[in-house]
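Here the structure is laid out as structure tokens; the discussion comes afterwards.
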Amino acid sequence: MKTKTFYAILILFIIYSCNNDNNALDVEPIPDLILNNLIELNSNIPQDFYNDLTFTNENTGYAISRLGKIVKTTDGGSTWTSLNSTVNFYLKKIQFVNTDIGYVIGGDNTGSYLLKTINSGQSWSVINLNSIEKGFPTGLYFKNVNEGYITGNNLFIKTIDGGENWSNVLQRQSNDNFIDVKFKDNNYGIATTNTNNNYYKTTNGGASWQSIELINQNNLTQIYFSSGKTFIKSGNQLVDIDGGRSITLPNPVSKVQFLNATKCIGIGQHYETGFFPYGDILLTNNNWTTFIQKSYQFSSEAGDFTAIAKMNNHKTMILGTGQLYSKVITLTY
């Protein structure tokens, strides 16, 4: 009886470990992505250029704009409320570590700043990062409520007290223009630069970082983790730094979202005849060997899709912006 109990517990432990391991195979299958599942919501989202989007559950989401706006939905994107960010400068990235605590980075010619909420966006405190270079930071990642990282021009800093105090990550601070920073798990993290063809890697939770050269690549930007692999965007290439093949993205794609090892969403814009571009959403079911594409016109104005986030394991939201209004698109799968 004790033996049976032991094996039952062991099986449950293995299942739990696989479901919580970023390197595990995808447990829940995803059907093929199709354009018919793209739905434009009748939404009151304020017109703005939204840089980033995140969800704390399938209905509650936050978006940030280039004009300092933070908006929130609690019904899956149909209605949005403008929150009092207390700022009017460029906001770049947003992350919530739980339902209450969230962080936003942004800035202007007066400096770089971190915005923090501890009450689900009802109020925000503004923390001056006192960076040498003015402008706005570009990368944000908090491992938990206390430990976080921010990157930017000559900026790679770390906090261990929830953003109140910051220190340089590198012992001899690099002059690189740092772009993005992300952790795959508690130990493995990546930071990219677009100054040279190098990126930084840690395997001990950020205690030390190693500079690694990425041969024949430059302008390294976004970081993506998918099915145990690490991809860094370099131009229109997704470079698998773990030794696999690089993926060439279609020209309109500026951001991607991996759903599993083969299925992915891309967003961006393209130009045809005339002055104004079209906003584009692209879907692939075979890791960009082939793809399907839907283009949106924004009533004779410039259109672009600039923010994307998963709402749950079977639904994603995409935000698009024109000069007069913004679009809210959902994709179910």
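A few comments on the model shown:
- With contacts taken as Cα pairs under 8 Å and at least 6 residues apart, the chain reaches a relative contact order of 14 percent.
- Shape of the range 88-175, Cα gyration tensor, a/c cut at 1.5: oblate
- Listed candidates (1) 29, 27, 23; (2) 40, 21, 18; (3) 64, 28, 21 - label of the one calculated as semi-axes √(5λ) of the Cα gyration tensor in Å: (1)
- At R0 = 45 Å, FRET efficiency that the Cβ-Cβ distance of THR248 and GLN171 yields, to 0.05: 0.75
- Net charge of neighbours whose Cβ lies under 11 Å from the Cβ of ASN196, counting Lys and Arg as +1 and Asp and Glu as -1: -2
- Theoretical FRET efficiency, 1/(1+(r/R0)^6), r = Cβ-Cβ of ILE292 and ASN312, R0 25 Å, to 0.05: 0.65
- Cα gyration tensor, the range 166-243 - rounded (a/c under 1.5), prolate or oblate: oblate
- Part-to-part distance (alpha-carbon centres) for the range 224-261 and the range 41-56, which is given in Å: 25 Å
- Residues ASN197 and SER125, FRET efficiency given R0 of 35 Å [Cβ-Cβ distance, rounded to 0.05]: 0.40
- Highest-MSF residue in the chain out of GLY152, GLY320, GLY206 [GNM, Cα springs under 10 Å]: GLY206
- When shorter helices are ignored and each DSSP H run of at least 4 residues is given -39500 (n - 2.57), the per-residue value for the chain at 222 nm works out to -2000 deg cm²/dmol.
- Relative contact order for the range 45-146, counting Cα pairs under 8 Å that sit 6 or more residues apart, in percent: 20 percent
- For the chain, modelled as a GNM whose springs connect Cα atoms under 10 angstrom apart, the maximal fluctuation among TYR90, TYR271, TYR103 occurs at TYR271.
- Panel order for SER65, SER208, SER167, by other beta carbons found within 10 Å of each beta carbon, from fewest to most: SER167, SER208, SER65.
- GNM flexibility winner over the chain from ALA191, ALA207, ALA307 (Cα, springs under 10 Å): ALA207
- Taking every alpha-carbon pair under 8 Å whose residues sit at least 6 apart, the range 184-333 reaches a relative contact order of 11 percent.
- The string of couplings for the range 79-87 from the Karplus curve (6.51, -1.76, 1.60, θ = phi - 60°) is 10, 10, 10, 7, 8, 7, 6, 6, 10 Hz, one whole number per residue in order, with x for Gly and Pro.
Readers should treat all values here as calculations from the given coordinates under stated rules, not as data from a laboratory. Here the structure is a predicted model, which means the values were calculated and not measured. FYI the Cβ positions are ideal-geometry reconstructions off the backbone, even for glycines, and counts take in every protein chain you see.
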